[in-house]
Amino acid sequence: MVTEFEFPDVGEGVTEGTLLEWQVDEGDAVEEDDVLAQVETDKAVVDVPSPTTGTVSELHADPGDVVKVGEVIVTINGDEEDEETTEEATGETAPKDEAEEKDTEEEEAEEPTDKDGESEPEKEPKTTKKTLAAPSTRKLAREKGIEIDEIEGTGPGGRVTKDDVRSFAETESEKEVAEVVEEEEPETEKEEAPEFSGRRFEPKEYDFERWGDVERTPLSGTRRSIANRTSRSKYTAPHVTATDDADVSKLVEIREKEKQKVEEKGVHLTYTPFVVKAVVAALKEYPLLNASIDEKTGEIVKKDYYNIGMAVATDDGLLVPNIKNADGKTVIEIAREINQLAERARSRDLELDDMRGGTFTISNWGSIGGKYGTPVINYPEVGILGTGVIDDEPVVVDGEVEVRKMMPLSLSFDHRIIDGAYAADFMNEVIDHLEDPDLLLIEG
C-alpha cells in the first residue's frame, strides 16, 4: 500500500512551515512514529512522525522549502511482507479502501449498454495520474499559487518542467486580466486592494544588484512567520497607540530591596512580573482588552482567563510565549516562569502550546533602551503594552520639582472594539498599580 503523506496541521492557525532537514532518505525503511523530518512552523521546531511502516520511496521537498498543510511531502510504500503475513494468518484479504470501492461502483453504475441491453466492450480501467516534477519545480508552482496537478507536463514521460509552470502562470494571469476587463471594475481599486483574507500582492522584482554587490539570505521560518503575522495584524486590526508614564519610584525601591532574597531562590527578578500583575488587574476592570473578535460570527469573545504573552528577542526574531493563568500566580512565580520561557525561547526549545492561547501581550524594550514605540498587536488579541527604559526625570509633586523614576508606557489597541477613552482608563488602571505596588500585594 502506498501512502502519500501530507504535512499535517500541527497547531492552531498553522498553515505552513519550513522544512529544516530530513531524518530519512529515499530507500530507508521506517516504522510508524519514526521521525521523518523536522519542520519549523509558527515559531517552533516540530518533529514530523511517520504515519505508517514501510519504505520511503520519494521525498517531495528539499530542506529550506516551505511546505503547506495538506501538501504531500513524502511517499511511503507499505511493508508488503507484513500485509501478506496478515492475510495468510487470517485467511482473508485486506478490504478495498473506500476510494477503490467507490470507483468500482461508479464504473459499474455508468457501464453503458447497447439497445439490446448487452454491455459494450470493456474500457481500459481509469488510472490515477501522478504528476511527475522535481522538488524545485513543485516549489516554483507553490510560490506562484498553482496546483501542479493542473499543469500538462512537456518533459520526458510527461514530467512538469519549470518552463511549464511559468507558461501556465502567464496563461492564468492573462485570464485574470480578461476577467477584470469584462467585469469593468475600476483599475485603481484593484491595484490598491490590500493583502487581506489570504489575498496577496503579486511579488515585484527589484534590481538590487544594479547599484552594487549584495548578499542574499533566505527568510527563516521564524522571520517568515513574523512577517506574515505582523502584516495580517496591521491589515486587519486598525491600530491606535496611546502613550503615558508611570512614576515607579516606590516599585524600584521594593524591587531593589527584595531582589537579593528572590535571587537566592534561583529567580532573577525584573520589573516585568510587576507589570504582568498590574496588567492583569487592569484587564479585570476593562475586559474588552482581554477579548478577540470572531470574524466568522461577528462576535466579541471575552475571555475569563489571563494568558499574558511576553515578547522575547532571539537570534531568529521575536518569539511570544505566554504565561498561562497569570492571575493565579504570585510575582515570584511569574518571575520564575518568565526566566524559564525566555531561556527556552532562546534555545528554540519552546512547544507550540507555549505560544497558543495568549490573551494580551507585553513587550519590554526598556531593557535594551528607548522610551516609546508603536507595538504591533499579537493578532487575534486586541491589545499590547510596550514598556520603555526606567529613567530619572524631573516631576512636579505637590508643587515641588522632584527627581522620580519614570517608566514610559505605549499601549496599542484594536480600534474596532476599543475606543480611545476605554484605552486611557485601562492605562490609568495599570499606572495606578505600578505607582502603588501595595495594591498588587493586597489583590494577590
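The values are calculated or read from the model by the stated rules, or taken from the named source; none is laboratory data. Quick caveat, the model's predicted, so the values are computed rather than measured. Glycine also receives a Cβ, built like all others from the backbone with ideal geometry; neighbour counts cover every protein chain displayed. Only protein heavy atoms, including side chains, enter the accessible area calculation; ligands, DNA and RNA are left aside. Shrake-Rupley method; radii C 1.70, N 1.55, O 1.52, S 1.80 Å.
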With respect to the numbered conditions (1) part of a helix (DSSP H, G or I); (2) in contact with a His (Cβ under 8 Å, 6 or more places away or on another chain), which one is the sole condition not fulfilled by V240?
(1)
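For the range 412-426, what are the residues that are in contact (Cβ under 8 Å) with a residue 12 or more places away in the chain, open to solvent by 10 Å² or more (accessible area, probe 1.4 Å) and not in a loop (DSSP other than H, G, I, E, B)? Show your work before the answer.
So the first thing to find is which residues in the range 412-426 are in contact (Cβ under 8 Å) with a residue 12 or more places away in the chain, and the list is 412-418, 420, 422-426.
Restricting the remaining residues to those that are open to solvent by 10 Å² or more (accessible area, probe 1.4 Å) gives 415-417, 420, 422, 424-425.
Residues satisfying the conditions are G420, Y422, A424, D425.
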Any idea which of (1) open to solvent by 60 Å² or more (accessible area, probe 1.4 Å); (2) more than 15 Å from the chain's Cα centre (by Cα); (3) farther than 22 Å from L269 by Cα is the one G373 doesn't satisfy?
(1)
When you scan the range 262-278, do you find a residue that is assigned to a helix (DSSP H, G or I) and within 21 Å of D419 (Cα to Cα), even just one?
yes
Of all residues in the range 304-326 being among the polar types (S, T, N, Q) and part of a strand (DSSP E or B), the one that is least open to solvent (accessible area, probe 1.4 Å)
N322
Members of the range 327-338 that are closer than 15 Å to I308 by Cβ and either crowded, with 17+ Cβ neighbours inside 10 Å or of a type outside the set (G, A, S) (or both)
D327, K329, T330, V331, E333, I334, A335, R336, E337, I338
Which condition number in (1) at pLDDT below 85; (2) surrounded by fewer than 17 Cβ atoms within 10 Å (Cβ to Cβ); (3) out of contact with any Phe, Trp or Tyr (no Cβ under 8 Å at 6 or more places or on another chain); (4) among the hydrophobic types (A, V, I, L, M, F, W, C) is the one that A29 fails?
(1)
Do we have any residue at all in the range 342-361 that's assigned to a strand (DSSP E or B), in contact with a Leu (Cβ under 8 Å, 6 or more places away or on another chain) and either open to solvent by less than 20 Å² (accessible area, probe 1.4 Å) or free of Cβ contacts under 8 Å to residues at least 24 places away in the same chain (or both)?
yes
Considering each residue of the range 221-254, count those that are touching a residue at least 12 places away in the same chain (Cβ under 8 Å), open to solvent by 30 Å² or more (accessible area, probe 1.4 Å) and not acidic (D, E), and give that number.
16
